[in-house]
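Novice: Submitted below is the structure of interest, expressed as structure tokens.
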Amino acid sequence: MFDRGRRNAVDGSELSGGDSRMTDFTIRWPDESAERVESAKGRLDVARGRLIARGFDDVLGVLGQVFELWRDPGSSWRRRLLDEHPDASGFSRENVEAGLGLALEHWTGDALRRAIESERRGLLAGTGRSLVPFASTSVILGGAIPMPSLLQPLIPLALLSPVLVKPSSRDTLTSRLLAESIAAVDPEIGRAIEVVTFPSDDIASLDSFLAAECVVASGSDETIGSLRGRMRQTQRFVAYGHRISIAVVEAGMAMREPDGLARALSLDIALWDQLGCLSPVAVYVVGEGASRATPVLAAALASELELRSTELPRGAIPTEVGVAIRIERDSAALRSASGEAVQIHAGAGTSWTVIAEADALARSCPLHRFIRVHPVPSADSLEPAVKPLIRSLSSIALAVEAGPGTDLKARVSRLGASRLCRPGRLQAPPIDWPHDGRPILAPLARIQMGTDERR
């Protein structure tokens, strides 16, 4: 019998016209990956009964211990991620270490319990309802930033739904380490999470993976659209598509505190090389004097990004990204030469770029530490300026002075972002952040009426 877990080389003979010759051939099982997915689903089905028997409080306590493991810089799981993730993802080790430290600062076991219990009480209190876990949840992860890979698989588990995880091709490590750390804390709970990999064009494996009652997916809008088309009407599909973030700074603050603001904003830009949905793609300087404050803040931001290039080195970039950065720099230089009030600040090679624009017109951002600083003459002009971005807006770093006569914060609040924070905190959302405006629990379970409520 052939072992389907590996490829087998078999020698055989082929007869033709009385001649005998030996031919090497390899037997490849076309359904090998699909069978691994089915096997993982079978194990999760067995684990489901024990997961439910353990109960909400017990499982949540275990997951809180897992969080505390990951928060400890000396834990074996955190060290392994720092040792192995940079080579696979392309981020520098310093960047991964700083990003993890900032994000996990307030992701405690107690914070996880408070967030989940608070939402659970809000959903169920006084209603006669109950949260019913899905029989299984499949989670498709995207990108290379480890934070979503640490959190997204945990929430279905907290609801007592076994989890099947497909990691991103750029980060196959984090979810595997997460599963191992859960098993280390509690082997029984650890059996309720499985991590599987298969090629993106393996339709048999994908269809098997997507057969779960609940599917959670992160990725590009194209990926989300393709997956949505494969869902049955009876399934729950929770999708997180393409998102971007911005910064909004009051012009007066930019003039009075350019260095402090620039230091904070440079961290938002440098962490994860500007590749996450929480990375700002533009800074808007708003209010009277914005045209004077914009170049001041841009110059300070350039100085800080140069310092960050040593503290948090940027990872390698694809050739086409380097080309795109140079094209955008050259375009800005041409506009400057033609008389526009545009200033270009650039690091060695393509390491970082800051462009002080003369207007608020939306332009291409190649990412990888490329940022434009735009003047916006008044709070009234902000919404029209960011209108091209609103559909994809995730979070806003806001620097505004409180006081009479200013309505900038109120106007920013109406732009539709799911989170406002101060500069320097974009990459550190609280654990109960309603990603894309959704609560963390409700999309991942059925809410069922009690028997006394059904008439």
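Values in this text are rule-based calculations from the coordinates and carry no lab data. Note that this is a predicted model, so its numbers are computed, not measured. Note that we place each Cβ from the backbone using ideal geometry, even for glycine, and neighbour counts take in every protein chain shown.
Novice: Please work out the Cα convex hull volume for the chain and give it in Å³ per residue.
Specialist: 212
Novice: Moving to a separate point now. ARG419's amide H: which non-local residues (gap 5+, or another chain) put their own amide H closer than 5 Å, with H modeled 1.01 Å from N in plane and none for Pro or chain starts?
Specialist: Distant-sequence amide H within range of ARG419: ILE396.
Novice: Between ALA341 and ASP436, what is 0.36 nm times their sequence separation minus the Cα-Cα distance? Round to one decimal in nm.
Specialist: 30.6 nm
Novice: Separate question: When only Cα pairs under 8 Å and 6 or more residues apart are kept, what is the percent relative contact order across the range 253-361?
Specialist: Contact order relative to length: 27 percent.
Novice: How large is the charge dipole for the chain, taken about the Cα centre, if only the Cβ atoms of Lys, Arg (+1) and Asp, Glu (-1) carry charge, to the nearest 20 debye?
Specialist: Around 1020 debye, computed over the chain.
Novice: Now for a different question. Check cross-link reach from LYS166 to the lysines: straight Cα distance under 22 Å, and skip same-chain residues fewer than eight apart.
Specialist: By straight Cα distance, LYS166 reaches LYS41.
Novice: Label ILE447 and MET231 with points 7 Å out from Cα along Cα→Cβ: what is the distance between them in nm?
Specialist: Each label point lies 7 Å from its Cα, and together they span 1.8 nm.
Novice: Just to be sure I understand: if I project the alpha-carbon convex hull of the range 144-249 onto a plane and average over all orientations, what area do I get in nm²?
Specialist: 8.4
Novice: So how far apart, in nm, are the two label points at ALA135 and LEU361 if each is 7 Å from Cα heading toward Cβ?
Specialist: 5.7
Novice: Given a Förster distance of 22 angstrom, what is the FRET efficiency for ALA184 paired with GLU32, based on the Cβ-Cβ distance and rounded to 0.05?
Specialist: 0.15
Novice: Report the local net charge at LYS41: Lys and Arg +1, Asp and Glu -1, summed over other residues whose C-beta lies under 11 Å from its C-beta.
Specialist: Computed value for this residue: -1.
Novice: Still on this structure, please answer the following. Give me the distance between the Cα centres of the range 249-309 and the range 363-415, rounded to whole Å.
Specialist: If we compute the Cα centre of each part, the gap is 12 Å.
Novice: Can you show me the helix-derived [θ] at 222 nm for the chain, built from DSSP H runs with n ≥ 4 at -39,500 (n - 2.57) apiece and divided by the number of residues, rounded to the nearest 500. Intermediate results must be reported in sequence, preceding the final value.
Specialist: Details: 17 runs with 197 residues, N = 455.
Rounded to the nearest 500, it is -13500 deg cm²/dmol.
Novice: Right, here's the next one. Run a plain Debye calculation on the range 300-455 (Cα atoms as equal point scatterers, no solvent) and give log10 I(q)/I(0) at q = 0.10, 0.15 Å⁻¹, rounded to two decimals, same order as the q list.
Specialist: -0.52, -1.01
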